[in-house]
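S.K.: Got a structure here, written out as structure tokens. Questions coming.
The values are calculated or read from the model by the stated rules, or taken from the named source; none is laboratory data. Keep in mind that what you see is a predicted model, and the values were worked out from it rather than measured. We place every Cβ from the backbone using ideal geometry, glycine too, and count neighbours over all the protein chains shown.
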Amino acid sequence: MKDRWLFIINPASADGKGGIKWKSVHQAMLKAGFDPVVWSSEYNGHIEQLVERACTEGFRKIASYGGDGSLNAAVNGLLVQRSCNPDEVLLAHYPSGTGNDWCRFFKVPNNPKDWVSMANNGLEFRQDLGIIDLMKKGKPAKHYFVNIAGVAYESQCAVLITEARKSSNLLQGKLFYDYIVFKGLLSFEVPELTLKYDGKVRKEKIFNLSVAICRHNGGGMLPAPYADPSDGMFDVTVFEDMPKWMVLKDYPKLRAGTIFKNPKITSFRTDKIEIIRTDRPDYIEADGEFVGMGPATFTTEKQALRVLVGEIPEEKVFPF
């Protein structure tokens with residue numbers, strides 16, 4: 001089992017289209033000589049359980065199939081199991097979701113033949129792990145992430161995404177996230193947040209805040225265009241309180257990675273940040289999913305995960 005790939009598929013990804021696509025993906029993989037063991041998740045929380053079972057049964061190459069949330073679930077399953085050290089497992093992901101932002105960053109293909117070629121090449125990368133101490137169902141809990149987490153507007157969008165998935169919304173990819181961004185603006189009230197990091201305390205109204213390991217979210221947005229996923233640091237991007245017309249005007253810059261041309265958008269690096277909303281607990285988002293409530297403390301563990309990638313990301317000089 002150790003050297004054979006296990007695929008855990010999420011048939012509900014991309015509003016059910018991912019599950020339909022899997023049959024053709026699997027057939028193409030078999031034709032290319034790639035014959036993984038395949039398990040299917042059946043309900044929310046099942047991916048985590050299947051990863052735990054996989055580690056117990058001796059699998060050390062585990063791939064998730066679905067959206068960014070499926071990868072997030074696989075990572076959380078890996079971190080809670082006790083059968084092996086997490087770095088004994090090589091993780092991979094096949095993108096079949098709506099955003100696919102982690103795969104976008106690491107150039108992981110969604111063509112079966114190309115994916116099999118990537119697996120055969122075996123290009124590994126050690127990436128950082130994000131850890132969130134937060135509240136779930138009124139109790140202290142931990143949640144892990146590998147891409148970008150956020151609060152304020154970003155977390156409200158995650159809640160809207162969860163609701164939209166329950167409907168018959170047919171939008172996919174960039175269009176889906178554009179729809180969510182503009183819908184959320186209609187009712188959003190900018191919260192006052194307290195940020196504690198590196199001995200500093202900031203209390204101010206913040207429209208949005210991203211805590212980033214990688215660079216992309218929201219189907220190709222770039223809130224952290226200089227993030228380094230292996231330096232043991234978060235790139236924290238702060239969107240100060242701004243009028244909604246400015247959000248709309250600068251939205252193309254978010255997709256182009258030029259958001260820092262707006263003086264109300266700044267960034268800094270830290271390995272730990274505590275975020276508290278003044279008036280009430282706030283939603284917490286991670287890897288595109290609503291994961292719990294604040295107050296929340298974000299910490300990072302340097303190069304804690306072994307992941308299979310298409311390309312090693314190019315380093316960029318952090319300008320701040």
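S.K.: With respect to MET246, determine if the residue is assigned to a helix (DSSP H, G or I) and among the aliphatic types (A, V, I, L, M). I'd like the intermediate steps shown before the answer.
M.R.: On the way: assigned to a helix (DSSP H, G or I): yes; among the aliphatic types (A, V, I, L, M): yes.
Yes, satisfied.
S.K.: Among the numbered criteria (1) outside any loop (DSSP other than H, G, I, E, B); (2) among the β-branched types (Val, Ile, Thr); (3) within 20 Å of the chain's Cα centre (by Cα), which single criterion is violated by ILE312?
M.R.: In the conditions (1) outside any loop (DSSP other than H, G, I, E, B); (2) among the β-branched types (Val, Ile, Thr); (3) within 20 Å of the chain's Cα centre (by Cα), ILE312 misses (1) alone.
S.K.: Restricting attention to region 261-283, does a residue exist that is modelled with pLDDT under 95, more than 23 Å from SER187 (Cβ to Cβ) and outside any loop (DSSP other than H, G, I, E, B)?
M.R.: Yes, there is a match, as at least one residue in region 261-283 is modelled with pLDDT under 95, more than 23 Å from SER187 (Cβ to Cβ) and outside any loop (DSSP other than H, G, I, E, B).
S.K.: Return only the number of the condition from (1) surrounded by fewer than 17 Cβ atoms within 10 Å (Cβ to Cβ); (2) touching a residue at least 60 places away in the same chain (Cβ under 8 Å) that TYR226 does not satisfy.
M.R.: Status for TYR226: all satisfied but (1).
S.K.: Wholly within region 1-109, which strands (runs of 3 or more DSSP E) include no fewer than the required count, namely at least 2 residues that are crowded, with 22+ Cβ neighbours inside 10 Å and touching a strand residue (DSSP E or B) at 6+ places or on another chain (Cβ under 6 Å)? Break it down stepwise before answering.
M.R.: Details: elements: 6-9, 37-40, 61-66, 90-95.
Here the list reads 6-9, 61-66, 90-95.
S.K.: Now, a different point. Which residues, taken from region 200-225, are under 14 Å from ILE273 (Cβ atoms) and assigned to a loop (DSSP other than H, G, I, E, B)?
M.R.: ILE213, ALA224
S.K.: While we're on this one: Could you please tell me which pairs satisfy a Cβ distance under 9 Å, a separation of 6+ or placement on different chains, a first residue in region 9-20 that is closer than 13 Å to PHE176 by Cβ, and a second residue that is of a type in the set (Lys, Arg) and at pLDDT below 75?
M.R.: ASP15/ARG165
S.K.: Moving on to the next point. Looking only at region 35-49, which residues are aromatic (Phe, Trp, Tyr) and either at pLDDT 95 or above or outside the structural domain of LEU78 (by TED's automatic domain parsing) (or both)? Steps first, answer last, please.
M.R.: As a first pass, look at region 35-49 and keep what is aromatic (Phe, Trp, Tyr): 39, 43.
If the condition is that a residue be aromatic (Phe, Trp, Tyr) and either at pLDDT 95 or above or outside the structural domain of LEU78 (by TED's automatic domain parsing) (or both), then TRP39 is the only one that fits.
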